[in-house]
Amino acid sequence: MKTVVVSAVFFCCLALATATQYSCKAQAVQFPAFKSMENECIALMKHQVQKELNAALTYLAMAAHFSEDQVNRPGFAKMFFESANEEREHAIKFIEYLLMRGELETDIKDLISDPYPVRGLTWDSGLAALKNALALEVNVTKSINEIIKKCENPDVGENDYHLVDYLTGEFLDEQYKGQRELAGQISTLGKMTKSLGDLGEYMFDKKLLDGELPVLG
Ligand SMILES: *[C@@H]1O[C@H](CO)[C@@H](O)[C@H](O)[C@H]1NC(C)=O
Ligand SMILES: [Fe+2]
(Lines give C-alpha, C1' and ligand atoms only; values in the text may rest on other atoms or scores of the structure.)
(Ligands and ions follow the chains in the order given, each with its own letter.)
Protein backbone atom coordinates (compact mmCIF):
# COMPACT_ATOMS: atom_id res chain seq x y z
CA MET A 1 0.00 0.00 0.00
CA LYS A 2 2.78 2.34 1.02
CA THR A 3 4.57 1.64 -2.26
CA VAL A 4 1.45 2.48 -4.20
CA VAL A 5 1.08 5.84 -2.44
CA VAL A 6 4.76 6.64 -2.86
CA SER A 7 4.63 5.76 -6.56
CA ALA A 8 1.49 7.85 -7.00
CA VAL A 9 3.19 10.85 -5.41
CA PHE A 10 6.30 10.25 -7.51
CA PHE A 11 4.34 10.12 -10.75
CA CYS A 12 2.35 13.21 -9.84
CA CYS A 13 5.59 15.11 -9.24
CA LEU A 14 7.01 13.80 -12.47
CA ALA A 15 3.88 14.88 -14.32
CA LEU A 16 4.11 18.35 -12.79
CA ALA A 17 7.80 18.64 -13.59
CA THR A 18 7.18 17.50 -17.14
CA ALA A 19 4.30 19.93 -17.57
CA THR A 20 6.49 22.77 -16.31
CA GLN A 21 9.33 21.75 -18.56
CA TYR A 22 7.13 21.81 -21.65
CA SER A 23 5.23 25.00 -20.86
CA CYS A 24 5.84 27.46 -23.66
CA LYS A 25 8.71 29.74 -22.76
CA ALA A 26 9.86 30.32 -26.33
CA GLN A 27 10.24 33.95 -27.27
CA ALA A 28 7.89 35.39 -29.87
CA VAL A 29 9.44 35.32 -33.34
CA GLN A 30 9.77 38.67 -35.06
CA PHE A 31 8.59 39.12 -38.64
CA PRO A 32 7.78 42.11 -40.83
CA ALA A 33 4.34 43.62 -40.24
CA PHE A 34 1.83 41.97 -42.57
CA LYS A 35 -1.50 42.59 -40.90
CA SER A 36 -3.67 44.98 -42.83
CA MET A 37 -7.21 44.93 -41.48
CA GLU A 38 -8.61 48.13 -40.04
CA ASN A 39 -9.74 47.97 -36.40
CA GLU A 40 -13.28 48.84 -37.33
CA CYS A 41 -13.50 45.85 -39.67
CA ILE A 42 -11.90 43.48 -37.19
CA ALA A 43 -14.51 44.48 -34.60
CA LEU A 44 -17.40 44.03 -37.04
CA MET A 45 -16.12 40.62 -38.14
CA LYS A 46 -15.76 39.50 -34.54
CA HIS A 47 -19.28 40.66 -33.82
CA GLN A 48 -20.53 38.66 -36.81
CA VAL A 49 -19.23 35.45 -35.23
CA GLN A 50 -21.69 35.91 -32.38
CA LYS A 51 -24.52 36.71 -34.80
CA GLU A 52 -23.94 33.48 -36.71
CA LEU A 53 -23.90 31.56 -33.44
CA ASN A 54 -27.14 33.22 -32.36
CA ALA A 55 -28.68 32.08 -35.65
CA ALA A 56 -27.34 28.55 -35.04
CA LEU A 57 -28.92 28.50 -31.56
CA THR A 58 -32.23 29.78 -32.87
CA TYR A 59 -32.34 27.03 -35.51
CA LEU A 60 -31.32 24.47 -32.91
CA ALA A 61 -34.22 25.60 -30.70
CA MET A 62 -36.58 25.31 -33.69
CA ALA A 63 -35.30 21.81 -34.49
CA ALA A 64 -35.80 20.74 -30.88
CA HIS A 65 -39.30 22.22 -30.85
CA PHE A 66 -40.40 20.39 -34.00
CA SER A 67 -38.91 17.17 -32.60
CA GLU A 68 -41.13 17.22 -29.49
CA ASP A 69 -43.56 14.33 -29.38
CA GLN A 70 -46.59 16.62 -29.22
CA VAL A 71 -45.40 18.61 -32.23
CA ASN A 72 -43.76 15.79 -34.20
CA ARG A 73 -42.78 17.37 -37.50
CA PRO A 74 -39.62 15.41 -38.37
CA GLY A 75 -39.19 17.17 -41.72
CA PHE A 76 -39.04 20.62 -40.12
CA ALA A 77 -36.77 19.23 -37.40
CA LYS A 78 -34.38 17.79 -39.99
CA MET A 79 -34.27 21.03 -41.98
CA PHE A 80 -33.65 23.18 -38.91
CA PHE A 81 -30.94 20.86 -37.55
CA GLU A 82 -29.20 21.27 -40.92
CA SER A 83 -29.67 25.05 -40.81
CA ALA A 84 -28.15 25.10 -37.31
CA ASN A 85 -25.11 23.24 -38.62
CA GLU A 86 -24.74 25.69 -41.51
CA GLU A 87 -24.84 28.69 -39.18
CA ARG A 88 -22.21 27.08 -36.96
CA GLU A 89 -20.07 26.58 -40.09
CA HIS A 90 -20.52 30.27 -40.90
CA ALA A 91 -19.27 31.24 -37.44
CA ILE A 92 -16.21 29.03 -38.03
CA LYS A 93 -15.61 30.67 -41.44
CA PHE A 94 -15.56 34.14 -39.85
CA ILE A 95 -13.10 32.94 -37.20
CA GLU A 96 -10.93 31.34 -39.90
CA TYR A 97 -11.01 34.50 -41.99
CA LEU A 98 -9.76 36.58 -39.06
CA LEU A 99 -7.06 33.98 -38.37
CA MET A 100 -5.97 34.02 -42.01
CA ARG A 101 -5.54 37.77 -41.89
CA GLY A 102 -3.53 37.41 -38.67
CA GLU A 103 -6.08 39.42 -36.74
CA LEU A 104 -7.07 36.97 -33.99
CA GLU A 105 -4.41 36.75 -31.36
CA THR A 106 -5.52 36.74 -27.78
CA ASP A 107 -9.27 37.02 -27.41
CA ILE A 108 -10.59 34.15 -29.51
CA LYS A 109 -12.76 32.72 -26.76
CA ASP A 110 -14.35 36.12 -26.13
CA LEU A 111 -15.96 35.82 -29.55
CA ILE A 112 -18.29 33.15 -28.28
CA SER A 113 -19.05 34.28 -24.78
CA ASP A 114 -22.25 36.30 -25.17
CA PRO A 115 -25.32 34.56 -23.80
CA TYR A 116 -28.27 34.42 -26.16
CA PRO A 117 -31.86 34.05 -25.00
CA VAL A 118 -33.42 31.23 -27.03
CA ARG A 119 -35.46 30.13 -24.02
CA GLY A 120 -38.37 32.46 -24.69
CA LEU A 121 -38.77 31.67 -28.39
CA THR A 122 -41.97 29.90 -29.49
CA TRP A 123 -43.51 28.93 -32.83
CA ASP A 124 -47.11 27.86 -33.02
CA SER A 125 -46.84 26.44 -36.54
CA GLY A 126 -44.38 25.46 -39.23
CA LEU A 127 -45.35 28.60 -41.11
CA ALA A 128 -44.51 30.78 -38.09
CA ALA A 129 -41.07 29.15 -37.84
CA LEU A 130 -40.37 29.67 -41.56
CA LYS A 131 -41.34 33.34 -41.25
CA ASN A 132 -39.09 33.68 -38.21
CA ALA A 133 -36.27 32.02 -40.17
CA LEU A 134 -36.67 34.46 -43.06
CA ALA A 135 -36.67 37.46 -40.69
CA LEU A 136 -33.52 36.06 -39.06
CA GLU A 137 -31.77 35.66 -42.42
CA VAL A 138 -32.78 39.19 -43.45
CA ASN A 139 -31.12 40.47 -40.27
CA VAL A 140 -27.95 38.49 -40.97
CA THR A 141 -27.87 39.76 -44.58
CA LYS A 142 -28.25 43.31 -43.33
CA SER A 143 -25.39 42.96 -40.91
CA ILE A 144 -23.10 41.43 -43.59
CA ASN A 145 -24.03 44.33 -45.88
CA GLU A 146 -23.08 46.75 -43.12
CA ILE A 147 -19.61 45.19 -42.85
CA ILE A 148 -19.21 45.47 -46.63
CA LYS A 149 -20.30 49.11 -46.66
CA LYS A 150 -18.02 50.00 -43.75
CA CYS A 151 -14.95 48.12 -44.95
CA GLU A 152 -15.27 49.33 -48.50
CA ASN A 153 -14.73 52.77 -47.10
CA PRO A 154 -13.56 52.70 -43.47
CA ASP A 155 -13.62 55.90 -41.40
CA VAL A 156 -9.87 55.50 -40.96
CA GLY A 157 -7.67 53.47 -43.29
CA GLU A 158 -7.98 51.70 -46.60
CA ASN A 159 -10.57 49.84 -48.63
CA ASP A 160 -10.40 46.17 -47.68
CA TYR A 161 -10.88 44.72 -51.18
CA HIS A 162 -10.36 41.10 -50.20
CA LEU A 163 -12.77 41.15 -47.26
CA VAL A 164 -15.46 42.92 -49.26
CA ASP A 165 -15.08 40.48 -52.15
CA TYR A 166 -15.13 37.48 -49.82
CA LEU A 167 -18.28 38.64 -48.03
CA THR A 168 -20.04 39.49 -51.27
CA GLY A 169 -19.17 36.33 -53.17
CA GLU A 170 -19.22 33.81 -50.37
CA PHE A 171 -21.87 35.06 -47.98
CA LEU A 172 -24.28 37.40 -49.78
CA ASP A 173 -24.73 34.88 -52.56
CA GLU A 174 -25.78 32.22 -50.07
CA GLN A 175 -27.94 34.67 -48.10
CA TYR A 176 -29.96 35.76 -51.13
CA LYS A 177 -30.47 32.20 -52.35
CA GLY A 178 -31.47 31.06 -48.86
CA GLN A 179 -33.92 33.93 -48.47
CA ARG A 180 -35.56 33.13 -51.80
CA GLU A 181 -35.84 29.48 -50.82
CA LEU A 182 -37.53 30.36 -47.52
CA ALA A 183 -39.89 32.79 -49.27
CA GLY A 184 -40.88 30.02 -51.70
CA GLN A 185 -41.52 27.62 -48.83
CA ILE A 186 -43.61 30.21 -46.98
CA SER A 187 -45.66 30.74 -50.12
CA THR A 188 -46.25 27.02 -50.71
CA LEU A 189 -46.95 26.14 -47.08
CA GLY A 190 -49.18 29.21 -46.69
CA LYS A 191 -51.38 28.06 -49.56
CA MET A 192 -51.41 24.44 -48.39
CA THR A 193 -52.48 25.25 -44.84
CA LYS A 194 -55.08 27.76 -46.03
CA SER A 195 -56.97 25.08 -47.90
CA LEU A 196 -55.94 21.97 -45.95
CA GLY A 197 -55.22 23.18 -42.40
CA ASP A 198 -53.04 20.82 -40.33
CA LEU A 199 -53.10 18.24 -43.12
CA GLY A 200 -51.30 20.79 -45.32
CA GLU A 201 -48.56 21.18 -42.73
CA TYR A 202 -48.32 17.40 -42.35
CA MET A 203 -47.88 16.96 -46.12
CA PHE A 204 -45.34 19.77 -46.33
CA ASP A 205 -43.40 18.15 -43.48
CA LYS A 206 -43.30 14.84 -45.39
CA LYS A 207 -41.94 16.66 -48.43
CA LEU A 208 -39.22 18.22 -46.28
CA LEU A 209 -38.39 14.84 -44.77
CA ASP A 210 -38.14 13.17 -48.17
CA GLY A 211 -36.07 16.04 -49.62
CA GLU A 212 -38.73 16.72 -52.24
CA LEU A 213 -38.75 20.50 -52.04
CA PRO A 214 -36.51 22.52 -54.36
CA VAL A 215 -33.23 23.60 -52.85
CA LEU A 216 -31.82 26.72 -54.43
CA GLY A 217 -28.63 27.11 -52.40
C1 LIG B 1 -34.05 41.47 -36.51
O2 LIG B 1 -33.48 42.66 -36.05
C3 LIG B 1 -34.39 43.54 -35.40
C4 LIG B 1 -33.65 44.82 -35.13
O5 LIG B 1 -32.41 44.60 -34.55
C6 LIG B 1 -34.91 42.85 -34.14
O7 LIG B 1 -35.81 43.70 -33.45
C8 LIG B 1 -35.60 41.57 -34.52
O9 LIG B 1 -35.99 40.85 -33.36
C10 LIG B 1 -34.66 40.69 -35.34
N11 LIG B 1 -35.41 39.55 -35.83
C12 LIG B 1 -35.00 38.31 -35.69
C13 LIG B 1 -35.89 37.26 -36.18
O14 LIG B 1 -33.93 38.01 -35.18
FE1 LIG C 1 -25.17 32.49 -41.58
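The values are calculated or read from the model by the stated rules, or taken from the named source; none is laboratory data. Since the model is a prediction, treat every value here as computed from it, not as a measurement. Cβ atoms come from the backbone with ideal geometry, glycine included; neighbour counts cover every protein chain shown. When the accessible area is computed, the model is the full protein with side chains, heavy atoms only, and any ligands, DNA or RNA have been set aside. Shrake-Rupley method; radii C 1.70, N 1.55, O 1.52, S 1.80 Å.
The angle between the Cα long axis of helix 173-196 and the main principal axis of the chain comes to about 40°, on a 0 to 90 degree scale. Counting only Cβ charges, +1 for Lys and Arg and -1 for Asp and Glu, the dipole size of segment 35-209 around its Cα centre is about 780 debye.
Give me the percent of the accessible area of segment 35-209 that comes from carbon and sulfur atoms, probe 1.4 Å, all protein chains in place. Result for segment 35-209: 53 percent of the exposed heavy-atom area is carbon or sulfur. Exposed loop sites here are GluC sites (Glu not before Pro) assigned a DSSP state other than H, G, I, E or B and surrounded by at most 10 other beta carbons within 10 Å; excluding them, the longest clear run of the chain is 106-211.
Just checking the listed ones, V138, V29, V156: in the Gaussian network model of the chain with Cα springs under 10 Å, the one fluctuating most is V29.
Pairs with C-alpha atoms separated by more than 24 Å, drawn from the list K46/K149; K109/K149; K93/K150, are K109/K149. Which of these, G120, G200, G190, has the largest mean-square fluctuation under a Gaussian network model of the chain (Cα springs below 10 Å)? For the chain, modelled as a Gaussian network with Cα springs under 10 Å, the answer is G120.
Paramagnetic label reach from K206 (point 7 Å along Cα→Cβ; backbone nitrogen cut-off under 15 Å): within segment 67-107, residues 73-76. Sites count as exposed loop sites when they are trypsin sites (Lys or Arg not before Pro), lie in a DSSP loop, and have at most 11 other Cβ atoms within 10 angstrom; the longest stretch of the chain without one is 120-217. Taking all Cα pairs closer than 8 Å and separated by 6 or more residues, the relative contact order of the chain comes to 23 percent. Counting only alpha carbon atoms, the long axis of helix 126-152 and the longest principal axis of the chain meet at about 50°. Against the chain, whose longest principal axis is taken from its Cα atoms, helix 198-209 shows a tilt of about 50°.
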